[in-house]
Amino acid sequence: MRLLRKQGHDVRVVMTAAACEFVAPLTFQALSGHAVHSELLDAGQEQAMSHIHLARWADVLLIAPATADMLAKMAHGLADDLLSTLYLAAECPVVVAPAMNQAMWAKAVTQDNIRRLHQHGVRFIGPAAGAQACGEQGLGRMEEPVEICRLLLAQQIPGMLSGVKVVISAGPTREPLDPVRYITNRSSGKMGYALAQAAVAGGAEVVLVSGPVNLSPPVGLAFIQVETALQMYDATLTHCRDADVYIGAAAVADYRPQHIVAHKIKKDGDIASILLEKNPDIIAAVAGLQPKPLVVGFAAETDDLENYAKHKLQAKNLDMIAANWVGKAEGGFESDSNALQVFWPGGQQTLAMTDKHTLATQLLYLIAEKLHEKNPVKNS
Ligand code: C5P
């Protein structure tokens, strides 16, 4: 609430009975500069601002933290307290930042409720993974307030990508040599996953085709796990046939071993060689589709960034390319932050070093702009 106020937003606070057990309403009253709402049937509060008036007043309803109980109530239309009633009465976008024990989050019934809420248009921020208040580790921590605030404001771009199908490939590929060895690269998938999350937040229908990474797939999208470049090629091409946007954020292996040996290769002699053959260029194949989605590539370079990026833009027939330095101290493959130099035919923009989530939202702004230029009727 403090962060939202700092950015000039007017915030009214609703507290459930459980919330009042943790924090005194007076604290939020002092911070927000307004009386805190906690009772559904309080004559005094209803006189000042009725629950229906409160629902109409808000541009967005944010529930943070959202408990498993609140999600369940919302998913089934229960309205036995002020907050759940506000949700039912709300016509504005509703955003939840869930927080609960990892087992409660993973429980089938909670996941069913989450699916229902997605279908009802509720947007999710988090949860994050890590140490929990109960001492356990896992997915279920409330996302950091600074992150909630940033994503909440990014989601206010009304329907930036609503009705738009976005396919994103992310992470590395693994090219097997034998049953236990493979060739891969340092891609963490963080940028692709951040883009997928930001695209969901912008209202898009998202398909994320991912190589093997250490990240949990964001909620609210179709997730396809692949391993090799050939598998990534098949999945991507299938889903790109009716896509509006394709973002190739994956670090696809350029070559694969020509033969995959059926048994574990034994050491033999001092020198060994692997014969490699070229993988198909996925993004170039997508750019060759008819009709073709808006195609956005990435160029990770260790030198001569601008020239290589501009060359790839042209050679692969892309609509946009986001170039970044790799192998430097900050940013790049395994880092949480990055900076991008974005090029498109006839223009360019620098996106300064920041965390990959912020960067993803900024890049999606540029992509949405290009999409509206390309297809003003469908996406207006
Ligand atoms: O040529 P280079 O690999 O540097 O180009 C990077 C861009 O091309 C990225 O968007 C990457 O996802 C894509 N790419 C691809 N298929 C390949 C190689 C790269 O889609 N086989």
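The values are calculated or read from the model by the stated rules, or taken from the named source; none is laboratory data. These figures come from a predicted structure and were not determined experimentally. All Cβ positions, glycine included, derive from the backbone under ideal geometry; neighbour counts span all protein chains shown. For the accessible areas, the whole protein counts, side chains as well, though only heavy atoms, and no ligand, DNA or RNA atoms are used. Shrake-Rupley method; radii C 1.70, N 1.55, O 1.52, S 1.80 Å.
Show the residue pairs meeting these rules: Cβ distance below 6 Å; 6+ apart or different chains; first residue within the stretch 243-256 and outside any strand (DSSP E or B); second residue acidic (Asp, Glu) and more than 6 Å from the ligand (Cβ to nearest atom).
Ala253/Glu175
Would you pick out the residues in the stretch 172-205 that are modelled with pLDDT of 95 or more and of a type in the set (Val, Ile, Thr)?
Hits for the stretch 172-205 are Thr173, Val180, Ile183, Thr184.
Regarding Gly220, is this residue more than 9 Å from the ligand (Cβ to nearest atom) and within 27 Å of Gly121 (Cβ to Cβ)?
Values: more than 9 Å from the ligand (Cβ to nearest atom): yes; within 27 Å of Gly121 (Cβ to Cβ): yes.
Against the criterion (more than 9 Å from the ligand (Cβ to nearest atom) and within 27 Å of Gly121 (Cβ to Cβ)), Gly220 qualifies.
Would you please name the residue that is most open to solvent (accessible area, probe 1.4 Å), looking only at residues in the stretch 3-42 that are acidic (Asp, Glu) and under 15 Å from Leu86 (Cβ atoms)?
Quick first cut of the stretch 3-42, residues acidic (Asp, Glu) only: 10, 21, 39, 42.
If we keep only those that are under 15 Å from Leu86 (Cβ atoms) as well, we get 39, 42.
On the way: Glu39: 98, Asp42: 51 Å².
The extreme case among them is Glu39.
Considering only the stretch 25-46, how many residues are assigned to a loop (DSSP other than H, G, I, E, B) and within 27 Å of Leu153 (Cα to Cα)? Before you say what the answer is, go through the steps one by one.
To start, the set of residues in the stretch 25-46 that are assigned to a loop (DSSP other than H, G, I, E, B) comprises 33-36, 38-42.
After this cut, where a residue has to be within 27 Å of Leu153 (Cα to Cα) as well, the list is 33-36, 38.
Total meeting the criteria: 5.
Would you check if there is a residue in the stretch 315-326 being within 16 Å of the ligand (Cβ to nearest atom), modelled with pLDDT under 95 and either outside the structural domain of Arg174 (by TED's automatic domain parsing) or not in a loop (DSSP other than H, G, I, E, B) (or both)?
Residues of the stretch 315-326 within 16 Å of the ligand (Cβ to nearest atom): 315-326.
Filter once more, keeping what is modelled with pLDDT under 95: 324-326.
Going one step further and asking which of them are either outside the structural domain of Arg174 (by TED's automatic domain parsing) or not in a loop (DSSP other than H, G, I, E, B) (or both), we end up with 324-325.
Within the stretch 315-326 (the criterion being within 16 Å of the ligand (Cβ to nearest atom), modelled with pLDDT under 95 and either outside the structural domain of Arg174 (by TED's automatic domain parsing) or not in a loop (DSSP other than H, G, I, E, B) (or both)), the answer is yes, since at least one residue qualifies.
Pick out, from the stretch 75-155, the strands (runs of 3 or more DSSP E) lying fully within it that include 3 or more residues that are under 23 Å from Arg5 (Cα atoms), within 15 Å of the chain's Cα centre (by Cα) and modelled with pLDDT of 85 or more. Steps first, answer last, please.
Details: elements: 94-98, 128-131, 137-141.
So the answer is 94-98.
Scan the stretch 177-226 residue by residue and report those that are of a type in the set (Lys, Arg) and in a helix (DSSP H, G or I). It would help to see each step written out before you state the result.
Just the residues of the stretch 177-226 that are of a type in the set (Lys, Arg), to begin with: 181, 186, 190.
Correct list: Lys190 only.
Touching a Phe, Trp or Tyr at 6+ places or on another chain (Cβ under 8 Å), within 13 Å of the ligand (Cβ to nearest atom) and open to solvent by less than 80 Å² (accessible area, probe 1.4 Å), is that true of Leu305? If you could, list the steps in order and put the result at the bottom.
Working: touching a Phe, Trp or Tyr at 6+ places or on another chain (Cβ under 8 Å): yes; within 13 Å of the ligand (Cβ to nearest atom): yes; open to solvent by less than 80 Å² (accessible area, probe 1.4 Å): yes.
Taking the combined requirement at face value, the residue satisfies it.
For the subset of the stretch 161-176 comprising residues that are among the small types (Gly, Ala, Ser) and part of a strand (DSSP E or B), which member is surrounded by the fewest Cβ atoms within 10 Å (Cβ to Cβ)? Step through it out loud before you land on a result.
Just the residues of the stretch 161-176 that are among the small types (Gly, Ala, Ser), to begin with: 162-163, 169-171.
The next check asks that each one be part of a strand (DSSP E or B); those that pass are 169-170.
On the way: Ser169: 32, Ala170: 28.
If we take residues in the stretch 161-176 being among the small types (Gly, Ala, Ser) and part of a strand (DSSP E or B), then Ala170 is surrounded by the fewest Cβ atoms within 10 Å (Cβ to Cβ).
Residues being crowded, with 24+ Cβ neighbours inside 10 Å and of a type in the set (Ser, Thr, Tyr): count how many of those fall in the stretch 186-205.
Within the stretch 186-205, residues that are crowded, with 24+ Cβ neighbours inside 10 Å and of a type in the set (Ser, Thr, Tyr) number 2.
Quick test of your reading of the structure: Val261 fulfils all but one of (1) within 28 Å of the chain's Cα centre (by Cα); (2) farther than 21 Å from Leu364 by Cα; (3) open to solvent by less than 50 Å² (accessible area, probe 1.4 Å). Name the failing condition by number.
It is condition (1) that Val261 fails.
Could you pull out the residue among Gln132, Gln119, Gln102 that is within 25 Å of Gly202 (Cα to Cα) and out of contact with any Ser or Thr (no Cβ under 6 Å at 6 or more places or on another chain)?
Values: Gln132 fails: within 25 Å of Gly202 (Cα to Cα); Gln102 fails: within 25 Å of Gly202 (Cα to Cα).
Going through Gln132, Gln119, Gln102 in turn, the sole match is Gln119.
Hey, any hits in the stretch 264-279 for a residue that's open to solvent by less than 10 Å² (accessible area, probe 1.4 Å) and either within 28 Å of Leu237 (Cα to Cα) or of a type in the set (S, T, N, Q) (or both)? Please lay out each step first, then the result.
As a first pass, look at the stretch 264-279 and keep what is open to solvent by less than 10 Å² (accessible area, probe 1.4 Å): none.
No, the stretch 264-279 contains no residue that is open to solvent by less than 10 Å² (accessible area, probe 1.4 Å) and either within 28 Å of Leu237 (Cα to Cα) or of a type in the set (S, T, N, Q) (or both).
Can Ala360 be described as under 20 Å from Val146 (Cα atoms), at pLDDT 85 or above, open to solvent by less than 50 Å² (accessible area, probe 1.4 Å) and not β-branched (Val, Ile, Thr)? Even if it seems obvious, please write down each step before you answer.
Working: under 20 Å from Val146 (Cα atoms): yes; at pLDDT 85 or above: yes; open to solvent by less than 50 Å² (accessible area, probe 1.4 Å): yes; not β-branched (Val, Ile, Thr): yes.
Yes.
Determine whether Lys310 is open to solvent by 50 Å² or more (accessible area, probe 1.4 Å), away from the ligand (no atom under 12 Å from the Cβ), not hydrophobic (A, V, I, L, M, F, W, C) and not in a helix (DSSP H, G or I).
Values: open to solvent by 50 Å² or more (accessible area, probe 1.4 Å): yes; away from the ligand (no atom under 12 Å from the Cβ): yes; not hydrophobic (A, V, I, L, M, F, W, C): yes; not in a helix (DSSP H, G or I): no.
The answer is no for Lys310.
If a residue has to be touching a residue at least 12 places away in the same chain (Cβ under 8 Å), more than 16 Å from the ligand (Cβ to nearest atom) and aliphatic (A, V, I, L, M) to count, how many in the stretch 257-284 make the cut?
Residues in the stretch 257-284 being touching a residue at least 12 places away in the same chain (Cβ under 8 Å), more than 16 Å from the ligand (Cβ to nearest atom) and aliphatic (A, V, I, L, M): 6 in total.
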